[in-house]
Amino acid sequence: MKVIKIDKKDWAGGLDKASSGYRFFGPVEDKECHNFKELDKGELPDFNFSNTRLSAKSVVFPQTEAMFEYSLDENEADHHLMKECRKNDAPRAVLGIRPCDASAFLLVKRNFDNPEYRDPWWVKAYESTTFAGLACNNPCASCFCTSAGCGPFDEKGLDVLLVDAGDHFLAKVVTEKGRKMLAAAGWNAETDADIEALKKDAESKISSFVPTDKLKDKTTMELYNAAFWEEAAFACLNCGTCTYSCPTCWCFDIQDESKGKSGIRMRNWDSCMYPLFTLHGSGHNPRGTKIHRVRQRFMHKLKYYVDKYGDGIQCVGCGRCIRLCPVNIDIRKICEKMNSYEPKAGDCNR
Amino acid sequence: MSNYTDKIREISERLLKEGRVDMVIGFKQGTMPMMNEPCFVKKPEDVSKLVWDSHCGINLANYLTDRKEKIGVIAKGCDSRNIVTHIIENKIKREQLVIIGVPCKGMIDRRKIASMSDAEILSVAEQNGKVIVKTKDAEKRYERTDLLQKNCALCVHRNPVIYDELAADLVEEQKNVDRYADIREIEAMPPDEKWHLFDDLFSACIRCYACRNACPLCYCPTCFVDESRPQWVGKSTDPIDTKTFHFLRAYHCAGRCTDCGACERACPVGINMRLLTRKLEKDCFESFGWEAGLSLDQRPPLDVYKTNDPEDFIK
Ligand code: SF4
Ligand code: SF4
Ligand code: SF4
């Protein structure tokens with residue numbers, strides 16, 4: 001595939017040129033961290049970051065998203081009708097998304113876009129987005145992407161892979177969408193520069209590895225009943241930090257809110273850590289205690305998902321949950337425990 | 001700090017062996033720099049898991065709520081004050097506890113250390129009052145006293161107020177600390193500036209509730225923000241709902257908060273919600289001469305009725 005050289009002095013000009021055809025999103029530093037936001041006209045993404053504090057999932061799947069609206073005001077033409085909210089589906093491009101966050105969209109896609117169910121809002125937002133990723137030349141010590149089917153130069157979720165090479169970017173064209181965005185910016189200097197060496201170098205810097213090979217052969221109920229969950233869950237606060245910061249967590253909750261004569265039906269991110277998660281109308285919750293909730297999070301990512309889709313774990317190894325958990329619950333350690341679990345006499349299996 | 005660890009292990013082993021407790025709640029070595037994980041130990045042979053250093057900022061009183069066992073709990077000054085509050089509020093019984101007091105020299109501010117360097121922090125160690133911070137290409141040394149968590153720099157109760165065992169000699173308390181300089185500044189602001197300050201303060205909040213859940217005071221079976229029948233507070237990222245959560249939570253902590261700093265430490269986006277709880281702490285101190293969790297014999301000012309209460313606020 002083609003590699004285009006983009007001189008950094010042509011970066012701002014190219015983005016400006018392309019901005020008539022794209023809404024740009026990129027990492028911006030605010031307070032103590034970088035996060036993705038829609039860039040104002042002329043605003044440049046700030047690439048001086050290792051990874052954003054929160055993942056880029058909100059670009060396609062916002063924490064709060066209005067789906068329907070209504071009005072009870074009889075003076076209005078459409079009163080008493082639930083109407084779909086109008087959305088801005090104009091083409092967008094996410095600049096500087098890390099390969100892990102981009103490949104997370106492919107995992108999440110299984111939930112929102114599959115033969116039985118297509119989520120209209122997620123699908124529209126996803127399809128209108130071009131992912132121009134930024135390779136990680138210096139992965140963090142807590143990233144374990146290469147153990148999670150991803151990598152610092154992984155291209156699978158991307159349309160363009162940008163590699164920072166000092167005074168220029170090397171842009172590897174991955175898809176037709178990516179080619180179009182580069183063309184719109186007027187970047188067309190093809191080069192035979194090789195990014196393989198940089199890729200090898202970055203991969204060799206990954207220092208964190210997690211074994212996942214035995215997960216699929218474990219018996220679900222044995223893992224479910226394993227004795228280690230009590231200890232693993234003890235410190236957990238049941239906050240939403242891990243699930244909200246995770247690029248692959250997709251659960252949401254639907255809420256109605258009204259004010260005066262109008263109202264909306266929206267969806268908000270949900271978290272398996274929260275007391276309302278899976279709470280039944282009867283008041284019963286099959287995941288009613290801390291141990292249930294913690295086990296749900298890890299079993300979903302590392303066992304149910306593995307079994308259901310046969311394509312690895314529901315995690316891309318970005319390491320956010322490890323870095324942000326206030327009590328240092330570390331998915332790498334839990335994964336190791338699950339992967340190496342052998343039921344012992346005394347565990348309450350079956 | 002290694003002598004603290006040794007002593008904690010020694011006491012814990014003895015308590016477990018003698019059958020005086022069913023479990024000891026403490027910290028085990030974390031997997032990330034400046035992080036330890038709260039844990040329990042049930043067997044004497046496992047006490048080597050327990051560690052103590054300057055990264056034990058999570059408040060362990062939070063792990064006692066409604067437990068039925070006999071528990072040995074490691075408690076620095078602030079934890080001990082929250083344990084007192086827990087006992088007063090019937091969340092645990094004094095007889096269930098063997099409190100292993102840790103005279104505290106303050107916890108290290110992990111955010112401050114992270115913010116001082118562009119490079120990833122690989123390790124943080126301590127030697128003779130110096131903190132040694134390693135990144136990939138550099139090793140820097142700092143005075144420990146310059147790196148304390150904000151609440152620890154202001155702390156005037158470093159020694160546990162209640163304990164059965166001690167992991168070290170009592171430490172000297174900090175004197176002449178001006179706890180509320182920043183709060184006075186906010187009090188003096190005109191309303192629109194205050195408004196702006198609070199808008200900005202909570203603008204990055206993602207409603208993850210780590211602050212609430214790290215707090216030993218927040219033990220309600222159903223928090224008002226989780227109440228759904230009927231629903232009291234909206235669940236979206238609407239800034240009004242977010243601020244409603246923060247202001248109400250702060251008021252629920254009035255006269256109970258010990259400024260242990262667990263909330264701010266837990267926040268994934270670095271919000272200083274302690275500005276709210278400390279304002280209420282200041283008000284309680286000024287109106288009632290009250291500091292939370294110092295004694296088992298006195299109930300917090302907001303849950304008692306006294307005929308001689310000062311009522312200066314009613315004009
Ligand atoms: S694992 Fe950590 S981040 Fe996740 S809910 Fe528990 S305490 Fe919060
Ligand atoms: S589970 Fe943790 S490491 Fe894996 S993708 Fe989610 S936040 Fe990243
Ligand atoms: S921990 Fe921080 S982000 Fe989470 S709810 Fe509290 S203030 Fe908001």
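The values are calculated or read from the model by the stated rules, or taken from the named source; none is laboratory data. None of the values given here were measured: they were computed from a predicted structure. Heads up, the Cβs are rebuilt from the backbone with ideal geometry, glycines too, and the neighbour counts pull from every protein chain shown. Note: areas computed on protein heavy atoms with side chains; ligands, DNA, RNA excluded. Shrake-Rupley method; radii C 1.70, N 1.55, O 1.52, S 1.80 Å.
Some notes on this structure:
- Taking 0.36 nm per residue of sequence separation and removing the Cα-Cα distance, the residue A:228/residue A:280 pair yields an extension gain of 16.0 nm.
- For the protein assembly as shown, the per residue solvent-accessible surface stands at 45 Å², with DNA, RNA and ligands left out and a 1.4 Å probe.
- Farthest positive-ward along chain A dipole, Cα basis, beta-carbon charges - from A:212, A:45, A:123: A:212
- Restricting the range B:219-299 to GluC sites (Glu not before Pro) that sit in a DSSP loop and have at most 14 other Cβ atoms within 10 Å of their own Cβ leaves B:227.
- Calculated from the alpha-carbon coordinates, chain A shows an Rg and a Dmax of 22.1, 71 Å respectively.
- Rg/Rh for the range B:188-284 (Cα atoms only, Rh after Kirkwood) is 0.95.
- Note on residue A:87: aspartates and glutamates with a C-alpha under 17 Å away, same-chain residues under 8 apart excluded, are A:38, A:65, A:69, A:119, A:127.
- Label point at residue B:153 placed 7 Å out along Cα→Cβ; residues across the range B:169-213 whose backbone nitrogen lies under 16 Å: B:174-185
- Two-site label geometry, residue B:135 and residue B:111: point separation in nm, points 7 Å out along Cα→Cβ: 2.0
- Note on the protein assembly as shown: along the principal axes its Cα atoms extend 75, 65, 55 Å, ordered by decreasing extent.
- Remark: the range A:248-265, residue by residue, has Karplus-estimated 3J(HN,Hα) of 9, 6, 10, 5, 9, 10, 9, 9, 9, 9, 10, 9, x, 9, 10, x, 9, 10 Hz, where x stands for each Gly or Pro and the curve is 6.51 cos²θ - 1.76 cosθ + 1.60 at θ = phi - 60°.
- What the Cβ-Cβ distance of residue A:72 and residue B:238 gives, at R0 = 22 Å and to the nearest 0.05, is a FRET efficiency of 0.60.
- Inverse mean reciprocal Cα-Cα distance (Kirkwood Rh) of the range B:88-243, Å: 20.0
- Sum of -39500 (n - 2.57) over DSSP H runs of 4+, divided by residues of chain B (222 nm, nearest 500): -8500 deg cm²/dmol
- Restriction of the trypsin sites (Lys or Arg not before Pro) in the range A:36-75 to DSSP coil positions whose beta-carbon has at most 15 other beta-carbons within 10 angstrom yields A:41.
- Dividing the summed -39500 (n - 2.57) terms of all DSSP H runs of n ≥ 4 by the residue count of chain A sets its mean residue ellipticity at 222 nm at -7000 deg cm²/dmol.
- Lys/Arg +1, Asp/Glu -1 at C-beta; the protein assembly as shown dipole; positive extreme among A:228, B:210, B:181: A:228
- A Gaussian network model of chain B, with springs between Cα atoms under 10 Å, assigns the largest mean-square fluctuation among B:52, B:232, B:290 to B:232.
- Computed from the C-beta positions of residue A:196 and residue A:175 and an R0 of 25 Å, the FRET efficiency is 0.80 to the nearest 0.05.
- Among beta bridges from DSSP that stay inside the protein assembly as shown, the antiparallel ones total about 70%.
- Cα-based Lys pair tally, the range B:89-204, threshold under 20 Å, eight or more apart or on separate chains: 11
- Carbon-plus-sulfur accessible fraction, the protein assembly as shown (probe radius 1.4 Å, protein heavy atoms only): 51%.
- Relative contact order for chain A, counting Cα pairs under 8 Å that sit 6 or more residues apart, in percent: 21
- Choice from A:320, A:297, A:110 showing the highest fluctuation, given a GNM over chain A with Cα pairs closer than 10 Å: A:110
- Stokes-Einstein D (µm²/s) once Rh is taken as the Kirkwood radius of the range A:223-321 over alpha-carbon pairs, at 4 °C in 1.567 mPa s: 85
- FRET efficiency, residue B:70 to residue A:258 (Cβ-Cβ, R0 45 Å, nearest 0.05): 0.30
- Gaussian network model of chain B, Cα within-10 Å springs - most flexible of B:12, B:48, B:115: B:115
- By DSSP, the beta bridges lying fully in chain B are antiparallel in about 65 percent of cases.
- Shape of chain B, Cα gyration tensor, a/c cut at 1.5: oblate
- Label-point separation in nm, residue A:213 to residue B:286, each point 7 Å along Cα→Cβ: 6.6
- Leaving ligands and nucleic acids aside, the B/A contact buries around 3500 square angstrom of accessible area in total at a 1.4 Å probe radius.
- With pairing defined as another cysteine C-beta under 4.7 Å, the cysteines of chain B that fail it are B:39, B:56, B:104, B:152, B:155, B:205, B:208, B:220, B:223, B:267, B:284.
- The value given for the range A:34-193 is a Kirkwood hydrodynamic radius of 17.7 Å, derived from the mean inverse Cα-Cα separation.
- Computed label-point distance, nm, for sites residue A:86 and residue A:47 using a 7 Å Cα→Cβ extension: 3.7
- Under the Karplus curve 6.51 cos²θ - 1.76 cosθ + 1.60, θ = phi - 60°, whole-Hz ³J(HN,Hα) for the range B:9-25, x wherever Gly or Pro sits: 5, 4, 5, 4, 4, 4, 4, 6, 5, 6, x, 6, 9, 8, 7, 10, 9
- B:252, B:246, B:196, A:79, ranked by accessible area, largest first (probe 1.4 Å): B:196, B:252, A:79, B:246
- Nonlocal amide H pairs with residue A:210, under 5 Å, H built at 1.01 Å: A:147
- Residue-span extension gain [residue B:302 to residue B:128] - 0.36 nm each, minus C-alpha spacing: 58.3 nm
- Excluding same-chain neighbours fewer than eight residues apart, the lysines reachable from residue B:235 by a Cα-Cα span under 17 Å are A:259, B:243.
- Hits among aspartates and glutamates - C-alpha to C-alpha of residue A:308 under 19 Å, sequence gap 8 or more where chains match: A:113, A:116, A:213, A:217, A:222
- Backbone phi angles across the range A:42-49, fed through the Karplus curve with coefficients 6.51, -1.76 and 1.60 (θ = phi - 60°), yield HN-Hα couplings of x, 6, 9, x, 9, 8, 8, 8 Hz in residue order; Gly and Pro are listed as x.
- Counted over chain A, the DSSP beta bridges are approximately 75% antiparallel.
- GluC sites (Glu not before Pro) within the range B:146-200, DSSP loop, no more than 11 other Cβ atoms inside 10 Å: B:172
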